[in-house]
């Protein structure tokens, strides 16, 4: 589990598996690289698999500045280039899709295929900003522990949260959220204040798969479909009875979708 300096900041990364091609997973806000564990376990037997923590999150350095999406995308592109992993199969979740879209549009030579879970190319919806700013301010002041219930409802759908058979799994992620540092508020503020990149979608040439859970609260299937509509030749898949974190709630389904997408792009 090495660290590397990228863009003047220490980034934590893990490179698993072996194979002629590489999958690079970009996590979302709150859930760092651990969120991809089911994908690493599935794909590392046949691919190199890179997971890493974005600056300001997880085990990477938590600077006070430079957390905007353009910097995160530049970090990601430089990491892929420095480790010699391009062109790769780039996969992003939530805020990770904001990063992955920018990388695919601006550094197309690094991206063989693109997969997006719960994406948006737009700035945050104005109607959401007041409550997000309130929540971010409270997390900065007292930490996330008192707010795990609303945070869980952001990440996961009702089907997952109400399933008795998955109670232990849900509790694990609830405990993970309780332990997040107050510094996460800086990354959250940068995500909420992002600018839209709708005009850049047409620049993306990598075969693209857009995946959206139909119980997704923070980024509705409608907004995900807008990303699909803007990327030439992309494919959209709706996953029923599933919230935002499709790769955690439906790992077997998502892994099959990703595998099919990668294989289809090779033919």
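Just one of (1) farther than 24 Å from residue 222 by Cβ; (2) surrounded by fewer than 15 Cβ atoms within 10 Å (Cβ to Cβ) trips up residue 128, so point out which.
That leaves (1) as the condition not met.
On the basis of being closer than 21 Å to residue 132 by Cα and outside any strand (DSSP E or B), does residue 206 make the cut?
Answer is no for this residue.
Do you know which residues across region 16-46 are under 23 Å from residue 56 (Cβ atoms), assigned to a loop (DSSP other than H, G, I, E, B) and in contact with a strand residue (DSSP E or B) (Cβ under 9 Å, 6 or more places away or on another chain)?
27, 28, 31, 32
Being part of a loop (DSSP other than H, G, I, E, B), crowded, with 19+ Cβ neighbours inside 10 Å and at pLDDT 95 or above narrows it down to one residue among 101, 90, 67, 72; which is it?
Of the residues listed, the single one that is part of a loop (DSSP other than H, G, I, E, B), crowded, with 19+ Cβ neighbours inside 10 Å and at pLDDT 95 or above is 67.
Hey, can you tell me all the residues within region 131-162 that are surrounded by 14 or more Cβ atoms within 10 Å (Cβ to Cβ) and not in a helix (DSSP H, G or I)?
Once the filter is applied, which keeps residues that are surrounded by 14 or more Cβ atoms within 10 Å (Cβ to Cβ) and not in a helix (DSSP H, G or I), region 131-162 yields 143, 144, 156, 157.
On the basis of being at pLDDT 95 or above and either closer than 30 Å to residue 111 by Cβ or surrounded by 14 or more Cβ atoms within 10 Å (Cβ to Cβ) (or both), does residue 170 make the cut?
Values: at pLDDT 95 or above: yes; either closer than 30 Å to residue 111 by Cβ or surrounded by 14 or more Cβ atoms within 10 Å (Cβ to Cβ) (or both): yes.
In short, yes.
Looking for whichever is under 26 Å from residue 121 (Cβ atoms), buried (at least 17 other Cβ atoms within 10 Å of the Cβ) and modelled with pLDDT of 95 or more here; the options are 83, 11. Which one fits?
After ruling out the rest, the residue left standing is 11.
Please tell me if residue 241 is touching a residue at least 24 places away in the same chain (Cβ under 8 Å) and within 15 Å of residue 99 (Cβ to Cβ).
Here the answer is no, as residue 241 does not meet what is asked.
Could you grab me the full set of residues in region 215-253 that are in contact with a strand residue (DSSP E or B) (Cβ under 7 Å, 6 or more places away or on another chain), in a loop (DSSP other than H, G, I, E, B) and farther than 18 Å from residue 28 by Cβ?
231, 234
Test of understanding: among 194, 178, which residue is within 20 Å of residue 218 (Cα to Cα), surrounded by 15 or more Cβ atoms within 10 Å (Cβ to Cβ) and in contact with a helix residue (DSSP H, G or I) (Cβ under 6 Å, 6 or more places away or on another chain)? Outline the logic, then answer.
Values: 178 fails: surrounded by 15 or more Cβ atoms within 10 Å (Cβ to Cβ).
Going through 194, 178 in turn, the sole match is 194.
Return the residue satisfying two criteria in turn: it lies in region 43-64 and is closer than 28 Å to residue 256 by Cβ and surrounded by fewer than 18 Cβ atoms within 10 Å (Cβ to Cβ), and of such residues it is nearest to the chain's Cα centre (by Cα).
44
I need the full set of residues from region 254-267 which are part of a helix (DSSP H, G or I) and either surrounded by fewer than 16 Cβ atoms within 10 Å (Cβ to Cβ) or at positive phi (or both), in order please.
Once the filter is applied, which keeps residues that are part of a helix (DSSP H, G or I) and either surrounded by fewer than 16 Cβ atoms within 10 Å (Cβ to Cβ) or at positive phi (or both), region 254-267 yields 256, 259, 260, 263, 264, 265, 266.
Being out of contact with any helix residue (DSSP H, G or I) (no Cβ under 8 Å at 6 or more places or on another chain), over 25 Å from residue 155 (Cα atoms) and touching a residue at least 40 places away in the same chain (Cβ under 8 Å), is that true of even one residue in region 92-103?
Within region 92-103, none of the residues are out of contact with any helix residue (DSSP H, G or I) (no Cβ under 8 Å at 6 or more places or on another chain), over 25 Å from residue 155 (Cα atoms) and touching a residue at least 40 places away in the same chain (Cβ under 8 Å).
The values are calculated or read from the model by the stated rules, or taken from the named source; none is laboratory data. From a predicted model like this one, the values you see are computed outputs, not experimental measurements. As a convention, Cβ positions derive from the backbone with ideal geometry for all residues, glycine included, and neighbour counts pool all protein chains shown.
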